[in-house]
Each structure stands twice: as C-alpha cells, then as structure tokens.
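Note sheet for the following structure.
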Amino acid sequence: MVNYTAELQAQPYHSDDGYSTTSDSSGTLERSSLTDSSSRSNGQAMNSHPMKTDLPRPRSRTFFFLDNGVIFSLYWTALKSRDGLLRRRAIALLESSAQEGTWIGPIQAAITKRVVEIEEMQPYEQDPPPEMIKKPEDIPEFIRVHSVGTDIDKTRRRAKMVILQRLNGLDGEWDERVEWVHW
C-alpha cells in the first residue's frame, strides 16, 4: 500500500478542466490533449506547452481518501489470521498507528493482543523466541475465537470485549465471556 501511495503521488493529476498538474502543485499547468474551437474544425490538436496561471495552487493535495484506511485491515489480519508471526507484525503496526475514522490503532492492538493470548494459551510477547511462535495448525479449533464484540471507553482507556468460542468443537454450544483490556 505504501508503494501504491507513492506511485499515486508521483503521477500527474488530471482535473476536470483539462489541465494536469504534478503533485508539487507549482502553478505550472499543462493542457492535456484538448483542442480549441479553431483547431477543432480542421482536426489539429492544440500545442501542449506549459502556461502560467495566476490562480493560487495548494502546496499539497489529497489524491485519495481511504474511508477505513489500513487500521481495519491490520486489525482484521491480527484477529483472524492464525499465523503468529503475521499477527505480531500487524499488531506492531497497529500500535504505531494513529486514528482513522472510528478506528484507533492502539485500541485495536490491545484487543487483538488479548485474542492472541487466548488462542495461543500463553501471555503475549511481541518478539518471542522462534520456537514459541504458533503456527496455524498449533491452534485447535475449540480454542479459536470466532467473534469479538467491543465496547470502547476512550476516556478510561479500556475496552469491554465479548468473546465467542466453541469450547466443545464445531458442534458444541457457543461459549460467551466478557473481558476487559486496557491500553
């Protein structure tokens, strides 16, 4: 995603008025493949040359907006993946993230850390020894967390988690329990 973002920033921005600008918004505009009315009649395209404008241009522009950004994707990866190394990478990125809409990285990191502790049946460590990192096949089905509902209290820096598991296997009853996490 980072590489894609950098590529978008480097590409010229084509506006609806027929001008293209680079992401530096320096005020130099180029006409992009438009024809004026006099040259349109004889089929010749207008010369493409830079021209100055007196209109002020912002120094930077928003080139796209991700409604949920990357926090939701990282949260979902850390929550649903059973690969211990991948989960820890996602959690590390969540911890260093800010807020994107309603998603706040450190809160989502605290929630997923608790889920990892439950599923791996050991206290969470960001950098455990390689032999302690669980593989997907190391986590039995009856231990897996199938659903996590949350009620977040940002002022107290805590979240209520409603956790659903099937402790007696896929045919067993749902086990629901409530836990609290702090960040």
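The values are calculated or read from the model by the stated rules, or taken from the named source; none is laboratory data. Given the structure is predicted, the values throughout are model-derived calculations rather than measurements. With ideal geometry, Cβ positions are generated from the backbone for all residues, glycine too; neighbour counts draw on all protein chains shown.
Being crowded, with 20+ Cβ neighbours inside 10 Å and not basic (K, R) is the filter here; which residues of region 105-117 pass it? Within region 105-117, G105, I107, Q108, A109, A110, I111, T112, V115, V116 meet the criteria.
Restricting attention to region 97-107, the residues that are in contact with an Asp or Glu (Cβ under 9 Å, 6 or more places away or on another chain) and in a helix (DSSP H, G or I) total 2. The residue that is nearest to the chain's Cα centre (by Cα), counting only those in region 72-106 that are β-branched (V, I, T) and modelled with pLDDT of 95 or more, is T77. Looking across region 164-183 at every residue that is among the aliphatic types (A, V, I, L, M) and assigned to a strand (DSSP E or B), the one that is farthest from the chain's Cα centre (by Cα) is identified as V178. Given the criteria outside any helix (DSSP H, G or I), surrounded by fewer than 17 Cβ atoms within 10 Å (Cβ to Cβ) and at negative phi, does P123 qualify? In short, yes.
Residues in region 66-125 that are within 20 Å of E137 (Cβ to Cβ) and aliphatic (A, V, I, L, M): A78, L79, L85, L86, A90, V115, V116, I118, M121. Of all the listed residues (L74, L86, L79), the sole one being among the aliphatic types (A, V, I, L, M), touching a residue at least 60 places away in the same chain (Cβ under 8 Å) and in contact with a Ser or Thr (Cβ under 9 Å, 6 or more places away or on another chain) is L79.
How many residues are surrounded by fewer than 13 Cβ atoms within 10 Å (Cβ to Cβ) and among the aliphatic types (A, V, I, L, M) when one looks only at region 132-166? Count: 1. Considering only residues in region 136-163 that are of a type in the set (D, E, K, R) and closer than 18 Å to K80 by Cα, the one that is nearest to the chain's Cα centre (by Cα) turns out to be R144.
In the set (1) of a type in the set (A, V, I, L, M); (2) surrounded by fewer than 11 Cβ atoms within 10 Å (Cβ to Cβ); (3) under 18 Å from Y124 (Cβ atoms), V178 fails one condition alone, (3).
Could you pull out the residue among I163, I111, I143, I107 that is in contact (Cβ under 8 Å) with a residue 40 or more places away in the chain, of a type in the set (V, I, T) and farther than 22 Å from G69 by Cα? Exactly one of I163, I111, I143, I107 is in contact (Cβ under 8 Å) with a residue 40 or more places away in the chain, of a type in the set (V, I, T) and farther than 22 Å from G69 by Cα, namely I163.
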